[in-house]
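One structure is given here, and the rest of the page talks about it.
Laboratory data are not the source of any read-out in this text; all were calculated from the coordinates shown. Computed from a prediction, not measured in an experiment: that's the story for all the values here. Positions of Cβ are generated from backbone atoms using ideal geometry, with glycine treated the same way; all protein chains shown enter the neighbour counts.
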Amino acid sequence: MKLQDKFIELRSRQQGILATNFYNYETLKGVLLAAKAMEQPLVLQLTRSSIDYMGLPVAFQMAKSMLNYHGVEGWVHLDHGDSYELVAQCLDAGFDSVMIDASEKSFSENVAITSKVVKLAESYGANVEAELGYIAKLGQNKEKGGFTQPLEAKEFVDATGVNALAIAIGTAHGFYDKEPELQLERLSEIAAITNATLVLHGGSGVPRDSLREAVDRGICKINLATEIKNIFMQTLKVKLLTNEEIDLRKVFPVATDQIVELVKEKLDIVKNIK
């Protein structure tokens, strides 16, 4: 099943799908073991930095082979693609889905760039995600505002034909200084006037009830990255400081286990079973 078809299936049931970034074998194994235990589908995401770190064919083939090995229904997605060239490389490699992030450009430039990617992806049968509005990236001001405007969202989707749209409703990438207040009424307005699958970036640290209500109101894809990195590294630090073990095969599993528990909890939330 194509990812865009899975979105339609989930949206008909008011359910979401978790999209987790991975950074190496251990983080990939952790998220897949969680999905297998919960019997839920998963989107595996790679950013440019992760692709540069692992190598495009290595990262992609590892994700695909691990999905098959663990028997998990899943798709490989380019997260925050920053150029047409990177998108094209990922599509050629076999990615199921790509994101083109031109959100920091003008509305017209965002439309033009996204439209070009949509046209390219059509020949691959791939899902395309774009971003509209201000979702603070790591190191950027989280208080800036710049929420997605409902009518602009409709105009953007109509003009580009994009499958999925990441919207700015109060989340940010990285950890929060205070609990985020999601613009849920704004989300409902956007969901009411566009057929695009709506995506929530910055899912780390958003309270359970807020995530569930976001899914109720139209969010389908929920991204998770920062909490995965944090729990892995914090657990690993403690292990290394309190243990003389030098066999990394005996050290890493402790951190991987923590990812499993974290992702199982998030999967339970996005499944949205009352």
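Here are the numbers for the structure shown:
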{"item": "The chain - mean residue ellipticity at 222 nm from DSSP helices (-39,500 (n - 2.57) per run, n ≥ 4, rounded to 500)", "result": "-16500 deg cm²/dmol"}
{"item": "Part-to-part distance (alpha-carbon centres) for region 197-274 and region 94-138, which is given in Å", "result": "26 Å"}
{"item": "Entries in LYS229/LYS264; LYS36/LYS266; LYS2/LYS29; LYS29/LYS64 that, when Cα-Cα distance is taken, lie over 21 Å", "result": "LYS2/LYS29"}
{"item": "About the Cα centre, charge dipole magnitude for the chain (Lys/Arg +1, Asp/Glu -1 at Cβ), debye", "result": "420 debye"}
{"item": "Cα lying deepest toward the dipole's positive end in the chain, options THR171, LEU267, VAL76, charges on Cβ", "result": "LEU267"}
{"item": "Degrees, to the nearest 10: 184-193 long Cα axis against longest axis of the chain", "result": "60 degrees"}
{"item": "Alpha carbon centroid spacing (whole Å) that separates region 3-32 from region 36-60", "result": "11 Å"}
{"item": "Per-q log10 I(q)/I(0), region 9-153, q = 0.09, 0.18 Å⁻¹ (Debye; single scatterer per alpha-carbon; no solvent)", "result": "-0.31, -1.15"}
{"item": "Computed over the chain: relative contact order in percent, which uses C-alpha pairs under 8 Å that are six or more apart", "result": "22 percent"}
{"item": "Candidates ILE113, ILE135, ILE228: whichever shows maximal mean-square fluctuation once the chain is modelled as a Gaussian network with Cα springs under 10 Å", "result": "ILE113"}
{"item": "Residues SER12, SER49, SER97, sorted so that the one with the fewest Cβ neighbours within 10 Å comes first", "result": "SER12, SER49, SER97"}
{"item": "Beta bridge orientation in the chain: antiparallel %, DSSP, nearest 5", "result": "0 percent"}
{"item": "Between helix 248-271 and the chain: long-axis angle, C-alpha atoms, 0 to 90°, nearest 10", "result": "40 degrees"}
